[in-house]
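Peer 1: Handing you a structure now.
The values are calculated or read from the model by the stated rules, or taken from the named source; none is laboratory data. Please read these numbers as outputs of a predicted model, since none were measured by experiment. Glycine also receives a Cβ, built like all others from the backbone with ideal geometry; neighbour counts cover every protein chain displayed.
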Amino acid sequence: SAVISQKPSRDICQRGTSLTIQCQVDSQVTMMFWYRQQPGQSLTLIATANQGSEATYESGFVIDKFPISRPNLTFSTLTVSNMSPEDSSIYLCSVDRRGEGQETQYFGPGTRLLVL
Amino acid sequence: GEDVEQSLFLSVREGDSSVINCTYTDSSSTYLYWYKQEPGAGLQLLTYIFSNMDMKQDQRLTVLLNKKDKHLSLRIADTQTGDSAIYFCAERYPGGYQKVTFGTGTKLQVIP
């Protein structure tokens, strides 16, 4: 498995401001993923973050709104920029674990964001 | 296509078995997963099955995979109140970074 921590665990922010979410993993991983879970909804992949290269964004998500950093193999940040109430969601980071005949994805506890 | 669908809600009595169903559209899936999300918490990986398997059992959990019908199910035996949560199925696609797509989630309510 993987131990993943996120900071902050929750925040209440004002419209127009930005919030940076941190994700720390207990071991080195190649790929880290950022998901959004809007209230009552499933998970939607925002982007994939590889160390040493630019993040790959999914359709509907852009770098200007969700800039991502991946400075090393155990850490990543996601910034939610110029926030609006529609950005109120849970933001989750995750990592892949491969080996011993399995490929599994583990998640952090999430960051609960409320934008007023 | 990358649609993964689940029924929204399931209610069972404590001690009964729960069966949560999931249908998917991409026959090239490599792994299929079940995750549990308790209120206010992140996603907990419960179990997974490789696409060349039909069944996997892990204590109270049984996963059945019908590749022909693209149907995945999770059976929870002797359901407890602590099993109340939202359950997500997810499938992994081959190629590239092997994207994982999540289902819509099924809210399981266990009645004491």
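Peer 1: Tell me, which residue of the range A:60-76 that is part of a loop (DSSP other than H, G, I, E, B) and of a type outside the set (D, E, K, R) is farthest from A:Tyr91 (Cα to Cα)?
Peer 2: Checking each candidate, the answer is A:Leu73.
Peer 1: How many residues are over 14 Å from B:Leu74 (Cα atoms) and in a loop (DSSP other than H, G, I, E, B) if we restrict to the range B:17-31?
Peer 2: Qualifying residue count for the region: 6.
Peer 1: Looking only at residues that are within 14 Å of chain B (Cβ to nearest Cβ), assigned to a loop (DSSP other than H, G, I, E, B) and not polar (S, T, N, Q) in the range A:18-59, which one is farthest from B:Ser7 (Cα to Cα)?
Peer 2: This residue is A:Glu54.
Peer 1: Okay, next question. So which residues in the range A:60-116 are closer than 19 Å to A:Met31 by Cα, away from every other protein chain (no Cβ under 14 Å) and aliphatic (A, V, I, L, M)?
Peer 2: A:Val62, A:Ile63, A:Ile68, A:Leu73, A:Leu78
Peer 1: On to the next question. Taking the stated definitions as given, is B:Lys36 within 25 Å of A:Met31 (Cβ to Cβ), under 11 Å from the mean Cα position of the chain (by Cα) and among the charged types (D, E, K, R)?
Peer 2: In short, yes.
Peer 1: Give the residues of the range B:34-73 that are among the hydroxyl-bearing types (Ser, Thr, Tyr) and farther than 21 Å from B:Leu8 by Cβ, sorted by residue number.
Peer 2: Those that are among the hydroxyl-bearing types (Ser, Thr, Tyr) and farther than 21 Å from B:Leu8 by Cβ: B:Thr47, B:Tyr48, B:Ser51, B:Thr62.
Peer 1: Looking only at residues in the range B:30-78 that are more than 14 Å from chain A (Cβ to nearest Cβ), among the aliphatic types (A, V, I, L, M) and under 17 Å from B:Thr104 (Cα atoms), which one is surrounded by the most Cβ atoms within 10 Å (Cβ to Cβ)?
Peer 2: Among residues in the range B:30-78 that are more than 14 Å from chain A (Cβ to nearest Cβ), among the aliphatic types (A, V, I, L, M) and under 17 Å from B:Thr104 (Cα atoms), the one surrounded by the most Cβ atoms within 10 Å (Cβ to Cβ) is B:Leu72.
Peer 1: Here is a follow-up. Can you name the number of the only condition in (1) at pLDDT below 90; (2) basic (Lys, Arg); (3) farther than 29 Å from B:Thr47 by Cα that A:Arg98 fails?
Peer 2: Looking at each condition in turn, A:Arg98 falls short on (3).
Peer 1: Restricting to the range B:79-94, what's the tally of residues that are away from chain A (no Cβ under 13 Å) and either closer than 17 Å to A:Leu92 by Cβ or surrounded by fewer than 15 Cβ atoms within 10 Å (Cβ to Cβ) (or both)?
Peer 2: Selection size over the range B:79-94: 4.
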